[in-house]
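Take a look at the structure below.
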Amino acid sequence: MTTHCGELEQVINRLWDPDTGLPGTEVATAARDLADLEPELAVRLAASIDELWLAERSIGYVCRSRRGAVARVLVLGQGMPRSASPARHLVAHALCDLDALDETPQWRAIARLCPTRPGGLPWSVVARDWWAESFARRDAGPLAELLGGDRKLVEIVMDYHRQVVRDYVIRLNFSGE
């Protein structure tokens, strides 16, 4: 059975051979994560992404943003640190490409508060990836792992992401997308 991804269905391409059965666990999980995406974010992406594909071992998208044509592929299980949700991580990158969410003064200030990430670079240097991974880790527990257990900082980051979603709700209600 194929997971229905709501508004995103109009841009999703499922790339696996139906003769060989259903997709693997990672792709099925990615599809469920996309289906669980906040409806306002799904509407924003569906209106802005030309293609979103789900394939064995990878998910990706192509969109035209203020930065020009952007294509991004996330390889599931290889080539990237394990994400709490590779699909949400990819969605977060798309939102950054479309709306520069990683460049806001508020997010830059939050990134400066965060401890150095595994690998040594401060989160403020890699604000785009930090935005994507913190968005992917939508629950306090997984987010606390990245923040050294600092519960106050976890709440600041989670509040920021909740505000981003609220802003999309307001945009959607006033723009009629």
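The values are calculated or read from the model by the stated rules, or taken from the named source; none is laboratory data. Just so it is clear, the structure is predicted and the values come from calculations on it, not from any experiment. Here the Cβ positions follow ideal geometry from the backbone for every residue, glycine too, while neighbour counts run over all protein chains shown.
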TODO: Please work out if Pro81 is farther than 24 Å from Ala31 by Cα and modelled with pLDDT under 90.
DONE: no
- [ ] Would you check if Leu45 is under 24 Å from Gly141 (Cα atoms) and either modelled with pLDDT of 75 or more or of a type in the set (Asp, Glu) (or both)?
- [x] no
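Please find, among Arg112, Arg128, Arg88, the residue that is over 18 Å from the mean Cα position of the chain (by Cα) and either among the basic types (Lys, Arg) or modelled with pLDDT of 90 or more (or both).
Working: Arg128 fails: over 18 Å from the mean Cα position of the chain (by Cα); Arg88 fails: over 18 Å from the mean Cα position of the chain (by Cα).
Going through Arg112, Arg128, Arg88 in turn, just one is over 18 Å from the mean Cα position of the chain (by Cα) and either among the basic types (Lys, Arg) or modelled with pLDDT of 90 or more (or both): Arg112.
Among the residues of the range 48-73 satisfying the criterion of being aliphatic (A, V, I, L, M) and buried (at least 22 other Cβ atoms within 10 Å of the Cβ), which is modelled with the lowest pLDDT?
Here is the first cut: in the range 48-73, the ones aliphatic (A, V, I, L, M) are 49, 52, 54-55, 59, 62, 69-71, 73.
Adding the requirement that they be buried (at least 22 other Cβ atoms within 10 Å of the Cβ) leaves 49, 52, 54, 59.
Working: Ile49: 86, Leu52: 87, Leu54: 86, Ile59: 81.
For the range 48-73, the residue satisfying everything is Ile59.
With Ala140, Ala144 as the choices, which residue is of a type in the set (Gly, Ala, Ser) and surrounded by 16 or more Cβ atoms within 10 Å (Cβ to Cβ)?
On the way: Ala140 fails: surrounded by 16 or more Cβ atoms within 10 Å (Cβ to Cβ).
That would be Ala144, the only listed residue that is of a type in the set (Gly, Ala, Ser) and surrounded by 16 or more Cβ atoms within 10 Å (Cβ to Cβ).
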Task: Evaluation of Leu153 against (1) more than 29 Å from Ala35 (Cβ to Cβ); (2) touching a Cys at 6+ places or on another chain (Cβ under 7 Å); (3) modelled with pLDDT under 85 (one fails), failing number - done: (3)
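Tell me whether the range 13-26 contains one or more residues that are under 19 Å from Ala136 (Cβ atoms) and at pLDDT 80 or above. Spell out the reasoning first.
Of all residues in the range 13-26, those under 19 Å from Ala136 (Cβ atoms) come to 25-26.
Applying the additional criterion that residues be at pLDDT 80 or above yields 25-26.
For the range 13-26, residues under 19 Å from Ala136 (Cβ atoms) and at pLDDT 80 or above: present.
If we keep just the residues of the range 8-39 that are buried (at least 19 other Cβ atoms within 10 Å of the Cβ) and either part of a helix (DSSP H, G or I) or free of Cβ contacts under 8 Å to residues at least 40 places away in the same chain (or both), which is farthest from the chain's Cα centre (by Cα)? Don't jump to the end; show me each part of the working.
Start the filter on the range 8-39 by keeping residues that are buried (at least 19 other Cβ atoms within 10 Å of the Cβ), which leaves 8, 11-12, 23, 27, 30-31, 33-34, 37.
Checking the rest, the ones that are also either part of a helix (DSSP H, G or I) or free of Cβ contacts under 8 Å to residues at least 40 places away in the same chain (or both) come to 8, 23, 27, 30-31, 33-34.
Working: Leu8: 14, Pro23: 21, Val27: 15, Ala30: 11, Ala31: 13, Asp33: 10, Leu34: 9 Å.
The extreme case among them is Pro23.
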